[in-house]
Amino acid sequence: MQVMNIKEMAKLAGVSCATISRVLNDSGYVKEDTRKKVMGIIKEYNYTPNMIARSLSSKDSFTIGMIIPGVGEKQYGKILEGAAKETAKHGYSLVFMDSENDLKTEKKWLEEVKNQHMKGLVLVPVRSENKELRSILQELEANGTAVVLTEKDVKNAGMDGVFADEFRGAYEGICRLIEKGCKRIGIAVGQMENDAATEERYRGCVQALEDNGIALPEELILREVEDINRVLQGKKLPDALFALNETAVGQCFKELFKGKKQGTEKILFMGMDAEKTAKLLEDEMLSVERDGRKQGKEAVKLLLEAFDTEENDRIRGKRVMIPYKVTGV
């Protein structure tokens, strides 16, 4: 698609810029044949009106902001990609802002969203427990900026959100390991404190083991690198290791393939959101993955739905859950 400004469109149609503005914003009187001519040019040349021009003429913003803690983590990059494609599809501009996983930087970008009067915001919060953030988001909503959260919720904020089904994903991961004959399963939790996603994944693991009548002894709850090393050096090796986050995947990868103690080659290795490591190991690893692009796409869809709903009719707190699937081996 090309971008066409009002002057170029007016020249092609042989009308004034004011007439083009009235057609684009569906305001004021325009002869029907003139309106058809302008719309015909848009269709014929597959042009998209410049969003900034529309914003100026309609006093409405056609910009959606997106704040995420960097694109270094592959899943965030996929979420951004999905959101960008969906915004472009509907004629909006997406402005990406990197919070760098820092509360002060996040707050700075939220001020920018407010000052620029952005129409919508997709946010991956730095923290879920944040009263100040909750107040800022509620103020944005009150001032006309629709907000959708993804990846992490903000407690008691009452915002719409798109989230991965962490509990179910981990549950199905454990069930796949059990199907493969594993009973002694080590759960590597990495940095679980203040990580709501990992906590949900851990709950899913515990429930799946319980539902299948399998115990989870304390020695198989692996919180540190030392715990992973200890269980791999022990007399009774686990049948499988399930790493619940990026930190844990890295720790397990390093310890599991370092030195390769006799017998460790039989241990099944599974990770959540571990696509990068899974590709390195090819057929030696199971991975529990979700569609990050779909997650970004669904977040923008919720915003568009909010844009099209009258304030008095809008119901906040909607949830869209993105499923996981087990791949590999």
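Where a number appears in this text, it was derived from the coordinates with a stated rule and is not lab data. All figures in this text were calculated on a predicted structure; none of them were measured in a lab. Glycine also receives a Cβ, built like all others from the backbone with ideal geometry; neighbour counts cover every protein chain displayed.
Quick one: if you stick a label point 7 Å off each Cα along the C-beta vector at residue 16 and residue 203, how many nm between them?
Result: 6.3 nm between the two label points.
For residue 36, go through the aspartates and glutamates and keep the ones whose alpha-carbon is under 20 Å away, minus same-chain ones fewer than eight residues off.
The reachable aspartates and glutamates, counting only those whose Cα sits under 20 Å from residue 36, are 8, 26, 44.
If you take the beta carbon distance between residue 85 and residue 314 as r and set R0 to 35 Å, what does 1/(1 + (r/R0)^6) give as a FRET efficiency, to the nearest 0.05?
In this case the efficiency is close to 0.90.
Across region 136-142, in residue order, what do the Karplus-derived ³J(HN,Hα) couplings come to in whole Hz, using 6.51 cos²θ - 1.76 cosθ + 1.60 with θ = phi - 60° and x for Gly and Pro?
Rounded to whole hertz, the list is 4, 5, 5, 5, 4, 4, 5.
Taking amide H positions as placed in the peptide plane 1.01 Å from N, state which residues far from residue 286 in sequence (5 or more) or on other chains have amide H under 5 Å from it.
Excluding prolines and chain starts, which carry no amide H, the hits are 269, 270, 271.
For region 110-165, state which GluC sites (Glu not before Pro) are in a DSSP loop and have at most 16 other beta carbons lying within 10 Å of their beta carbon.
Those satisfying the criteria are 129.
So if each residue of separation counts as 0.36 nm, and I subtract the Cα-Cα distance between residue 115 and residue 156, what length gain in nm does that give?
Length difference between fully extended and current span is 12.3 nm.
Below 15 Å Cα-Cα, how many Lys pairs turn up in region 166-290? Only count pairs eight or more apart in sequence, or on different chains, if you could.
So the count of such lysine pairs works out to 10.
Is there a pair in 114/297; 107/318; 114/155; 119/318; 37/114 whose C-alpha atoms are over 29 Å apart, and which pairs would that be?
37/114
Return the long-range amide H neighbours of residue 101 (sequence gap of 5 or more, or a different chain), with a cut-off of under 5 Å between placed amide H atoms.
70
Rg(Cα) of region 197-317 divided by 2.2 N^0.38 Å?
Expressed relative to 2.2 N^0.38 Å, the Cα Rg reads 1.43.
If you find the alpha carbon centre of region 95-155 and of region 261-275, how far apart are they in angstrom?
When both Cα centres are located, 38 Å separates them.
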